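Notes to accompany the following structure.
The values are calculated or read from the model by the stated rules, or taken from the named source; none is laboratory data. A quick note: this is a predicted structure, and the numbers were derived from the prediction, not measured. Glycine gets a Cβ as well: all are built from the backbone with ideal geometry, and neighbour counts include every protein chain shown.
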């Protein structure tokens, strides 16, 4: 039993006494290559957990799933008292055999243990989040000063007057400055200024006479916890941050505490203080690190997507505000489209944005500003859109009348490309500028929509572009891609759900852009069965979580994030969730086919 890892689900939910009781009744069994562990119609008397080797589940002659060390099978058969498929050893296997009676007794007495086998998608997702939450402390303790970021230092010369120094602090909204005195570096803070006022010192005196030249510093790649410890030990409110021995910035105690208590709040503050695109590029990297940290905390994609979207909106607004002339800002509206507009883009993918301009407005620097903005986003880690849906592309810089003409073409002369452009516009959200320009375009779209069944059927038909990768007997269907057997999470699962909800929302004049909000509104108004709406939200959360975890693993390996998931890399819990989520996709697509009569087009 020393070889069995009780930290794996669902055994991590057992109490020490329950583990001991199960251990006492367990056995270890060996099966050679090609041996059959379970067969159709057989009543299983044990739950098997793989210690070593690989076991394949066969539905007929096709492989429905493969189980690796840490995986268990066949929980469904324990309850049904009958095995549907064959379980055959592919690589000689050492299995832990847990008696059926003992397992069923635990499922009845321990709800968390039972949920692993019999819970719905929502409960299983909760289990995953709870497991992820156990990594929170470790994540925080390994954060570095670079992760938290530092404030840009303000420098003054030692012979500058105290009055001029105070003016520099006010101008830069800083509570401290670094004082250069030849080869020495000092620090002057608001506390020093307070003491000078109390002592009646002339404000015209050089600041170099009244600053401290005893500086405590910390390297930018040192642990953030060490910075907090140093501040606590020395009763300090700030440290000088160095990189390769040179001052890089200032780290305030409030920044450290903010990072440990609320990372997103700190990033939002840095966005408001940023003065250059260089600073914004660094903050964009912080958003990536925030995603990793909060994922480790167990924050699920629906909530994480909204948070990242809010930070991205601020990031894009600050970048556009630095690049575009003030007059252009006042006479335009910058939009994010597609998944960014829905608040569902977590990892950086393609840029999807557009610019609406007031009728009759022109600016000599319009094209240059748009090109600079798209280049800035690429620098921040958002690659150019392969379809050119960016403000640097003239077709996505439109006046009000041009936008109305585009909408008219989408509705009057529907085409495949036009329907997809309409789809991403339906998800549009204003970033900055005059938001009334977007509202007017949306109002025009709603006013032109009619009770036209054929139009809505054409719009919804995109759900049929990709097959759902789930076959008979809940078999996951993969395809070879660059030497790996994988399935496309976005095309096969996420897109049909988001586009199906988008089609129903457009048909029934629901203004929500977020998919979960659309599902809830559709259910509240009776256009979608409440149980199915809940299942769709759970399925989207599950697929998005698997996509996020897969993307982070790819990035850790130095590879670009993609949507091609290899099911064999998943554990039992994740694989079961994937199958259940894809089953919801198939059920929703079937309902949409019936509702929009897709078979008749």
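Residues checked against (1) on the phi < 0 side of the Ramachandran plot; (2) within 20 Å of the chain's Cα centre (by Cα); (3) assigned by TED's automatic domain parsing to the domain that holds residue 464:
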residue	(1), (2), (3)
509	no, no, yes
537	yes, yes, yes
550	yes, yes, yes
554	yes, yes, yes
576	yes, no, yes
579	yes, no, yes
596	yes, no, yes
Filter pass, residue 47 being in contact with a helix residue (DSSP H, G or I) (Cβ under 8 Å, 6 or more places away or on another chain), part of a strand (DSSP E or B) and in contact (Cβ under 8 Å) with a residue 12 or more places away in the chain
yes
Do we find that residue 274 is within 15 Å of residue 311 (Cα to Cα) and either at pLDDT below 85 or crowded, with 18+ Cβ neighbours inside 10 Å (or both) in this structure?
yes
Being modelled with pLDDT of 90 or more and closer than 21 Å to residue 255 by Cα is the requirement here; does residue 140 meet it?
no
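The rows are residues; the columns are (1) out of contact with any strand residue (DSSP E or B) (no Cβ under 6 Å at 6 or more places or on another chain); (2) closer than 30 Å to residue 571 by Cα; (3) surrounded by fewer than 22 Cβ atoms within 10 Å (Cβ to Cβ).
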site	(1), (2), (3)
451	yes, no, yes
484	yes, yes, yes
491	yes, yes, yes
519	yes, yes, no
Does residue 56 satisfy being within 24 Å of residue 478 (Cβ to Cβ) and buried (at least 16 other Cβ atoms within 10 Å of the Cβ)?
yes
Conditions (1) modelled with pLDDT under 90; (2) at positive phi -> residue 17 fails only (2)
Are any residues in the range 518-538 more than 21 Å from residue 426 (Cα to Cα) and touching a residue at least 40 places away in the same chain (Cβ under 8 Å), and if so, which ones?
532, 534, 535, 538
Could you grab me the full set of residues in the range 288-303 that are over 17 Å from residue 561 (Cα atoms) and either at pLDDT below 85 or touching a strand residue (DSSP E or B) at 6+ places or on another chain (Cβ under 8 Å) (or both)?
293, 294, 296, 297, 298, 299, 300, 303
Whether any residue in the range 16-25 is touching a residue at least 24 places away in the same chain (Cβ under 8 Å) and in contact with a strand residue (DSSP E or B) (Cβ under 8 Å, 6 or more places away or on another chain) is what I want to check.
yes
Looking for whichever is closer than 22 Å to residue 575 by Cβ and either assigned by TED's automatic domain parsing to the domain that holds residue 569 or part of a helix (DSSP H, G or I) (or both) here; the options are 22, 78. Which one fits?
78
Assigned by TED's automatic domain parsing to the domain that holds residue 513 and in contact with a helix residue (DSSP H, G or I) (Cβ under 9 Å, 6 or more places away or on another chain): is that true of residue 442 in this structure?
no
Residues of the range 77-104 that turn out to be free of Cβ contacts under 8 Å to residues at least 12 places away in the same chain and in contact with a helix residue (DSSP H, G or I) (Cβ under 9 Å, 6 or more places away or on another chain), as a count
1
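Residues are listed down the side, and each one gets a yes or a no for (1) in contact with a helix residue (DSSP H, G or I) (Cβ under 8 Å, 6 or more places away or on another chain); (2) within 19 Å of residue 560 (Cα to Cα); (3) assigned to a helix (DSSP H, G or I); (4) touching a residue at least 60 places away in the same chain (Cβ under 8 Å):
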| position | (1), (2), (3), (4) |
| --- | --- |
| 356 | yes, no, no, yes |
| 369 | yes, no, yes, no |
| 385 | no, yes, no, no |
| 392 | yes, no, no, no |
| 395 | no, no, yes, no |
Please enumerate the residues belonging to the range 445-477 that are assigned to a helix (DSSP H, G or I), touching a helix residue (DSSP H, G or I) at 6+ places or on another chain (Cβ under 6 Å) and over 18 Å from residue 590 (Cα atoms).
445, 448
Tally up the residues in the range 566-580 that are in contact with a strand residue (DSSP E or B) (Cβ under 6 Å, 6 or more places away or on another chain) and surrounded by 18 or more Cβ atoms within 10 Å (Cβ to Cβ), please.
2
